[in-house]
Ligand code: AHM
Ligand code: MG
């Protein structure tokens, strides 16, 4: 007999019991994020049909062209979070400054959210997987007032939850509240995320490496030597590692999480401290990978979650994935750089 389908909403409520003092605020916030994800999913799936593809012609704070779907996703998540009344403000990759919610209910909200509403958006026009990444912190400023910048510049260790939505061949939401990682697949026929990947663990080692190898000549000698090592024939498998790079962090991360692998974005000439943003991308993914038994470090081998952010849009070098692969990479970096 088929076991009972566990929907995301049921699961969130069941798991609330794991936190003895929880009053349901975090659960409500997660439910609002999931709802916004469904709305964005609908538009992503219709992207080829309606006049929503392509660029708005604007340049965002990162100096990149804004896609219409970026705007759409940004707006939908902002509306959902503002309306949740559990969240007093957000930081989004698309806005220079934090967005403070000023209704009385929102000012009383206990949480702030950092969000990359549509990651990998350069892939929208070519029908390649994209995603949303989010990260939730307890505010440090007093409730009853608007959010402050310091609420957002907290170390990743302070995250109370993080997750991502991948808009791929199916749509999935993967999240953690610090008690393991669970994945839910959207069943479009009933419009519900259903538990499909319980208690995800990343394999200790894998045979996939993901990096923009066009930048190889700009990498440090340690990183270059590690990549060379990935191309050597592995004694155990009798073949080299497989190179897999989509250029959508969510998609590359998701594949490596399930299959085992390493994702790297080292410093380059264009991105002197790496390209991936600490608040919107590195920290949420680092919390997930650690909860799944993997590792996430920067160029110095420092744990990503321990880095103290000094700027909302700060970028840091990112190496994330299977534990043994990260340890091996760090050996190459320590010996050569
Ligand atoms: P984005 O948030 O503007 O989409 O940029 C982040 C993306 C990641 O998803 C991806 O891994 C990386 O940028 C790809 O960069 P590159 O094209 O330099 O390899
Ligand atoms: Mg991004």
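Laid out as a table, the results:
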| quantity | calculated |
| --- | --- |
| Qualifying residue in region 154-162 (condition: in a strand (DSSP E or B), at pLDDT below 95, within 16 Å of ligand 2 (Cβ to nearest atom) and outside the structural domain of residue 247 (by TED's automatic domain parsing)) | no |
| Set 95, 122: member being in contact (Cβ under 8 Å) with a residue 40 or more places away in the chain, within 16 Å of ligand 1 (Cβ to nearest atom), over 21 Å from residue 176 (Cβ atoms) and out of contact with any helix residue (DSSP H, G or I) (no Cβ under 6 Å at 6 or more places or on another chain) | 122 |
| Some residue of region 257-267 being in the same structural domain as residue 319 (by TED's automatic domain parsing), more than 27 Å from residue 163 (Cα to Cα), in contact with a strand residue (DSSP E or B) (Cβ under 6 Å, 6 or more places away or on another chain) and at pLDDT 95 or above | no |
| Residue that is surrounded by fewer than 23 Cβ atoms within 10 Å (Cβ to Cβ) and without any contact (Cβ under 8 Å) to a residue 60 or more places away in the chain, where the choices are 323, 303 | 303 |
| Residue in region 289-307 that is outside the structural domain of residue 135 (by TED's automatic domain parsing), more than 14 Å from the chain's Cα centre (by Cα), over 16 Å from residue 205 (Cα atoms) and in a helix (DSSP H, G or I) present | yes |
| Qualifying position, being away from ligand 2 (no atom under 16 Å from the Cβ), exposed (fewer than 15 other Cβ atoms within 10 Å of the Cβ) and either under 20 Å from residue 331 (Cα atoms) or assigned by TED's automatic domain parsing to the domain that holds residue 172 (or both), among 190, 227 | 190 |
| Strands (runs of 3 or more DSSP E) completely within region 165-235 that count 1 or more residues being closer than 20 Å to residue 246 by Cα | 171-176, 208-210 |
| Residue satisfying all of: in region 265-281; more than 8 Å from ligand 1 (Cβ to nearest atom) and buried (at least 24 other Cβ atoms within 10 Å of the Cβ); farthest from residue 306 (Cα to Cα) among these | 266 |
| Total residues in region 92-116, condition at pLDDT 95 or above and within 13 Å of ligand 2 (Cβ to nearest atom) | 4 |
| Residues of region 119-141 satisfying the condition of being away from ligand 2 (no atom under 16 Å from the Cβ) and at pLDDT 95 or above | 136, 137, 138, 139, 140, 141 |
| Some residue of region 268-287 being touching a helix residue (DSSP H, G or I) at 6+ places or on another chain (Cβ under 7 Å) and farther than 22 Å from residue 115 by Cβ | yes |
| Residues (within 13 Å of ligand 1 (Cβ to nearest atom), in contact with a strand residue (DSSP E or B) (Cβ under 7 Å, 6 or more places away or on another chain) and in a loop (DSSP other than H, G, I, E, B)) located in region 125-147 | 129 |
| Residue within region 206-215 that is within 16 Å of ligand 2 (Cβ to nearest atom) and at pLDDT 95 or above present | yes |
| Residue in region 142-152 that is at pLDDT below 95, assigned by TED's automatic domain parsing to the domain that holds residue 19 and within 25 Å of residue 305 (Cβ to Cβ) present | no |
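The values are calculated or read from the model by the stated rules, or taken from the named source; none is laboratory data. Remember, predicted model here, so these are calculated numbers, not experimental data. Glycine gets a Cβ as well: all are built from the backbone with ideal geometry, and neighbour counts include every protein chain shown.
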